[in-house]
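Where a number appears in this text, it was derived from the coordinates with a stated rule and is not lab data. Here the structure is a predicted model, which is why all the values come from computation and not from measurement. With ideal geometry, Cβ positions are generated from the backbone for all residues, glycine too; neighbour counts draw on all protein chains shown.
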Amino acid sequence: MRLLSITAGAADMYCGSCLRDNALATELMRRGHDVVLMPVYTPTRTDEPNVSQRTVLFGGISVYLEQNVPLFRHTPRLLDWLWDRPAVLRLAARRSIKTDPRWLGEMTVSMLEGERGHQAKEFAKLVDWLQTVPPPDIVMLPNAMLAGMAPPIKRALNRPVVCTMQGEDLFLEGLSEAHRRAALDLIRRHAASIDVFVAVSEFYARAMPAYLGVPADKVRVVPLGINPDGYAPAGARPPRPFTVGYFARVAPEKGLHLLAEAYRRLRQRGAPADARLEVAGYVSAEHRPYLAEVERRMEEWGLGGEFRYRGVLDRPQKIAFLQGLDVLSVPATYDEPKGLFLFEAMACGVPVVQPRRGAFPEVLERTGGGLLVEPDDPDALAAGIAELAADPACARALGQAGREGVLRHHHVSVMADRALEVMEDVARR
């Protein structure tokens, strides 16, 4: 099968969606399928070999300039080439810019307006590029925020379009009411040009049709999967403090502040007698004050010496970090549809404690790799962590079950099997 998979770069961040798209493309290519993984906005950053194209469509600098300076909506393509090169985009991506919600909303709506928006020139470039590559059997979009691409792709290729759904609601809820309404209306209009929507969890498949206003019978589920190579439980290790870990993007909606509060209550109970809280993950410029506030509170509580932020980790560093944990928790304050960090932790034999919301219940029911607690409740979270600290045998059993569950249900090969089922069905129809 020949596939064109579009993936949205996330600047200098390890992005769960990019990791998912790259892992799926890699597995399909390994099986002999002809896959072109085409980044938009910026080059993608992955912690495995990156199989995406060097070319970047809808270069982030061009998209930004066309949104904000009318002159750049008409500049010659040769001039655009100067800042659409991957090296220039990578350089620009290193500057973490605090995003203005008004500008973000306007950009979102403009991109969804497609050929009628401020980025019309970029859509023309897309159509021209499509004429230079062998026609794919199916085109895959990475999320519904790029649904504006579906109509021109459909006209240019007359091929099925499949759109993944993986986190749109969190993004849309951050926009103003007016921009959110406009964006949702445009997504609904473009749904006619999309043959199938793919949800990354059963939870999302239930929640998103009504939210986006798309037909429920167009939605299929392709559960997330990871390449477990290198992930393994830690071997024998010397005695050390009981270690609670957090591995995710550092932002309020991911709940680090709740975990810090739960850790404080855990330490107030005095069991375990010795512990620490280890944190790793990307933090944007706008969320550095949030991390600083968590660190300040830990110091204020007399726990500063037990807290450490480890920064952004590559794959070997990530695996070593996870292997050093006794339990992982990312107590998200919203209905998380993915939870890639859970599969990575469980693949290392680490049990997890998560709020009963979003995709977390189905993940833990399928894998058996941890405990569920009430959402947004530091006492409940502390109790769940304390339960594992007090019963190492139970923690080991959960960790082992989680690892076996990930290998059985969330291996990249399982994700590829299900994706191929969906695409072959779409191609037949």
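Key figures
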{"read-out": "Residue-span extension gain [Glu202 to Glu300] - 0.36 nm each, minus C-alpha spacing", "value": "31.1 nm"}
{"read-out": "Table column - 3J(HN,Hα) (Hz), the range 53-70, Karplus curve with 6.51, -1.76, 1.60, x for Gly and Pro", "value": "5, 6, 5, 10, 8, 6, x, x, 5, 4, 4, 5, 5, 5, 6, 10, 10, x"}
{"read-out": "Disulfide-incompatible cysteines by the Cβ rule (no partner under 4.7 Å) in the chain", "value": "Cys163, Cys348, Cys394"}
{"read-out": "Two-site label geometry, Arg237 and Glu362: point separation in nm, points 7 Å out along Cα→Cβ", "value": "3.2 nm"}
{"read-out": "Count of lysine pairs in the chain with Cα separation under 23 Å (8 or more residues apart, or interchain)", "value": "8"}
{"read-out": "Sites Ala393 and Gln268, calculated FRET efficiency, Cβ-Cβ separation with R0 25 Å, nearest 0.05", "value": "0.50"}
{"read-out": "Expected 222 nm ellipticity per residue - DSSP helices of 4 or more, -39500 (n - 2.57), all of the chain, to 500", "value": "-14000 deg cm²/dmol"}
{"read-out": "Longest to shortest principal axis, alpha-carbon extents of the chain, angstrom", "value": "65, 44, 38"}
{"read-out": "Chain lengthening between Asp425 and Val312 when straightened (0.36 nm per residue, less Cα-Cα)", "value": "36.7 nm"}
{"read-out": "Cα long-axis angle, helix 378-390 against the chain (0 to 90 degrees, to the nearest 10)", "value": "60 degrees"}
{"read-out": "Degrees separating the helix 392-409 axis from the principal Cα axis of the chain, which is the longest one", "value": "20 degrees"}
{"read-out": "Calculated FRET value between His409 and Leu71, using beta carbons and R₀ = 45 Å, to 0.05", "value": "0.30"}
